Amino acid sequence: AQSVSQHNHHVILSEAASLELGCNYSYGGTVNLFWYVQYPGQHLQLLLKYFSGDPLVKGIKGFEAEFIKSKFSFNLRKPSVQWSDTAEYFCAVSLTGTASKLTFGTGTRLQVTL
Amino acid sequence: EAGVTQFPSHSVIEKGQTVTLRCDPISGHDNLYWYRRVMGKEIKFLLHFVKESKQDESGMPNNRFLAERTGGTYSTLKVQPAELEDSGVYFCASSQDLGNLNTEAFFGQGTRLTVV
């Protein structure tokens, strides 16, 4: 069975600090990888996704993630966070080539202070 | 274009009562998923419809949960009778059917269910 681990449950950063959120997955096959974000009071929305190709993926709002296959990792990064990045971030995986279910990590709550 | 919409946004019911959650997917999306997040834990898959058929219902907790998608449009998730451990946020998501091509899922805002 697939599983996803997010190591940071709650992160507090000052504005302009750099961000890296860890995500590791456990699955022997080929996967699709996603980062979703949920801003307070809003729905889950896709930040970025990796299906194939360049392992460095750029998403919305200046976020990027790097797929490192040998480490089963898909860490999320942003060079300089803003107060508006305060949200909960979820890493998720699914099997490639299908419209299959997502397996989520437990989420990381990011709080950015002014 | 309208996104995935869910009704109600909040529901508080007593143990033993029945609750029905509704999800309207994005128009034209054949895939519809239900997920649940119990407080402090990960978002967990419940089931997956392709049009009106249940493709995967491996995540349904027990037979108190019944999901339907008549006509392949909106879906309902009924909990009867509700138990305290059913409390959580229920998310619906939809995606296009692109055959073997990868696709992304779009989520609704969720229904926060509290069983007291």
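Selection of segment B:17-39 for residues being more than 11 Å from B:D86 (Cα to Cα), open to solvent by less than 50 Å² (accessible area, probe 1.4 Å), modelled with pLDDT of 95 or more and not aliphatic (A, V, I, L, M) yields B:C23, B:D24, B:P25, B:Y33, B:W34, B:Y35. Taking segment B:81-116 as the region of interest, how many residues are on the phi > 0 side of the Ramachandran plot and either more than 16 Å from the chain's Cα centre (by Cα) or open to solvent by 80 Å² or more (accessible area, probe 1.4 Å) (or both)? Selection size over segment B:81-116: 1. Take the conditions farther than 28 Å from A:W35 by Cα, without any contact (Cβ under 8 Å) to a residue 60 or more places away in the chain and among the small types (G, A, S) and apply them to B:G71. Does it pass? When the stated conditions are applied, B:G71 passes them.
Checking each residue of segment B:40-48 against the condition of being open to solvent by 40 Å² or more (accessible area, probe 1.4 Å), of a type in the set (K, R), over 13 Å from B:T114 (Cβ atoms) and in contact (Cβ under 8 Å) with a residue 24 or more places away in the chain gives no match. If you check A:E66, A:E20 for being without any contact (Cβ under 8 Å) to a residue 24 or more places away in the chain, away from chain B (no Cβ under 14 Å) and in a strand (DSSP E or B), only one passes: A:E66. The single residue among B:F106, B:F65 that is modelled with pLDDT under 95 and among the aromatic types (F, W, Y) turns out to be B:F106.
In this structure, does A:G41 turn out to be of a type outside the set (A, V, I, L, M), surrounded by 20 or more Cβ atoms within 10 Å (Cβ to Cβ) and within 14 Å of another protein chain (Cβ to nearest Cβ)? Spelling it out, it is not the case that A:G41 is of a type outside the set (A, V, I, L, M), surrounded by 20 or more Cβ atoms within 10 Å (Cβ to Cβ) and within 14 Å of another protein chain (Cβ to nearest Cβ).
When the residues of segment A:87-105 are narrowed to those that are among the hydroxyl-bearing types (S, T, Y) and open to solvent by 40 Å² or more (accessible area, probe 1.4 Å), which ends up modelled with the highest pLDDT?
So, considering only residues that are among the hydroxyl-bearing types (S, T, Y) and open to solvent by 40 Å² or more (accessible area, probe 1.4 Å), the one modelled with the highest pLDDT is A:T96.
Just one of the listed residues (A:V81, A:V57, A:V31, A:V11) is closer than 28 Å to B:N31 by Cβ, more than 11 Å from chain B (Cβ to nearest Cβ), open to solvent by less than 30 Å² (accessible area, probe 1.4 Å) and among the aliphatic types (A, V, I, L, M), and it is A:V57.
Can we say A:S80 is in contact with a helix residue (DSSP H, G or I) (Cβ under 8 Å, 6 or more places away or on another chain) and assigned to a loop (DSSP other than H, G, I, E, B)? Taking the combined requirement at face value, the residue satisfies it.
Which of the residues that make up segment A:84-103 are in a loop (DSSP other than H, G, I, E, B), β-branched (V, I, T) and within 14 Å of chain B (Cβ to nearest Cβ)? Lay out the reasoning, then the answer.
Pass one, segment A:84-103, residues in a loop (DSSP other than H, G, I, E, B): A:86, A:96-102.
Pick out the ones that are also β-branched (V, I, T) and you get A:86, A:96, A:98.
The answer is A:T96, A:T98.
Looking only at segment A:45-60, residues that are assigned to a loop (DSSP other than H, G, I, E, B) and over 14 Å from B:E104 (Cα atoms) come to 3 in all. Could you tell me whether segment B:63-80 includes any residue that is open to solvent by less than 60 Å² (accessible area, probe 1.4 Å), part of a loop (DSSP other than H, G, I, E, B) and either small (G, A, S) or away from chain A (no Cβ under 14 Å) (or both)? Taking every residue of segment B:63-80 in turn, at least one turns out to be open to solvent by less than 60 Å² (accessible area, probe 1.4 Å), part of a loop (DSSP other than H, G, I, E, B) and either small (G, A, S) or away from chain A (no Cβ under 14 Å) (or both).
The values are calculated or read from the model by the stated rules, or taken from the named source; none is laboratory data. Small disclaimer: the values here were computed from a predicted structure and weren't measured. Using ideal geometry, Cβ is built from the backbone for each residue, glycine included, and neighbour counts are taken over all protein chains shown. These area figures cover heavy atoms from the full protein model, side chains too; ligands, DNA and RNA do not enter into them. Shrake-Rupley method; radii C 1.70, N 1.55, O 1.52, S 1.80 Å.
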